1. In the stretch 6-52, what count of residues is obtained for those that are open to solvent by less than 40 Å² (accessible area, probe 1.4 Å) and more than 16 Å from the ligand (Cβ to nearest atom)?
2. Before we move on, is Gly57 within 16 Å of the ligand (Cβ to nearest atom) and loosely packed, with under 10 Cβ neighbours inside 10 Å?
3. Going by the conditions given, is Arg70 open to solvent by 90 Å² or more (accessible area, probe 1.4 Å) and in contact (Cβ under 8 Å) with a residue 12 or more places away in the chain?
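The values are calculated or read from the model by the stated rules, or taken from the named source; none is laboratory data. Please read these numbers as outputs of a predicted model, since none were measured by experiment. Here the Cβ positions follow ideal geometry from the backbone for every residue, glycine too, while neighbour counts run over all protein chains shown. Accessible surface is based on the protein model in full, side chains and every heavy atom, while ligands, DNA and RNA are left aside. Shrake-Rupley method; radii C 1.70, N 1.55, O 1.52, S 1.80 Å.
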Amino acid sequence: MSVRSRMQFVHWSLSIDPDDGTPAYEAACTTCDATSGPSADKRTPELWCLRHAGRTGHTGFRATITTLFRAAPLEGPRPP
Ligand SMILES: [Zn+2]
């Protein structure tokens, strides 16, 4: 008994997830563990940083922007 298989190579593309790719903005203090929490509006963590600096005197912050990617196969087999 022999087993034969056929492999097909496909190119993939990567793009922002159309269903859940809205960026989330967040800031974290580099002096203590406080964070702004994620927000769809980038002004929210910016204001949080200024308020946190005013309350605590902490002046360093790490900003992160998170979004989701979606990988999808391109149609058709890879050309020879
Ligand atoms: Zn702090």
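1. The initial filter retains those residues of the stretch 6-52 that are open to solvent by less than 40 Å² (accessible area, probe 1.4 Å), namely 17, 21, 24, 27-29, 34, 36-37, 39, 45, 49, 52.
Right, trim to more than 16 Å from the ligand (Cβ to nearest atom) and you get 17, 21, 24, 39.
Selection size over the stretch 6-52: 4.
2. Working: within 16 Å of the ligand (Cβ to nearest atom): yes; loosely packed, with under 10 Cβ neighbours inside 10 Å: yes.
So Gly57 fits the description; yes.
3. Working: open to solvent by 90 Å² or more (accessible area, probe 1.4 Å): yes; in contact (Cβ under 8 Å) with a residue 12 or more places away in the chain: yes.
Taking the combined requirement at face value, the residue satisfies it.
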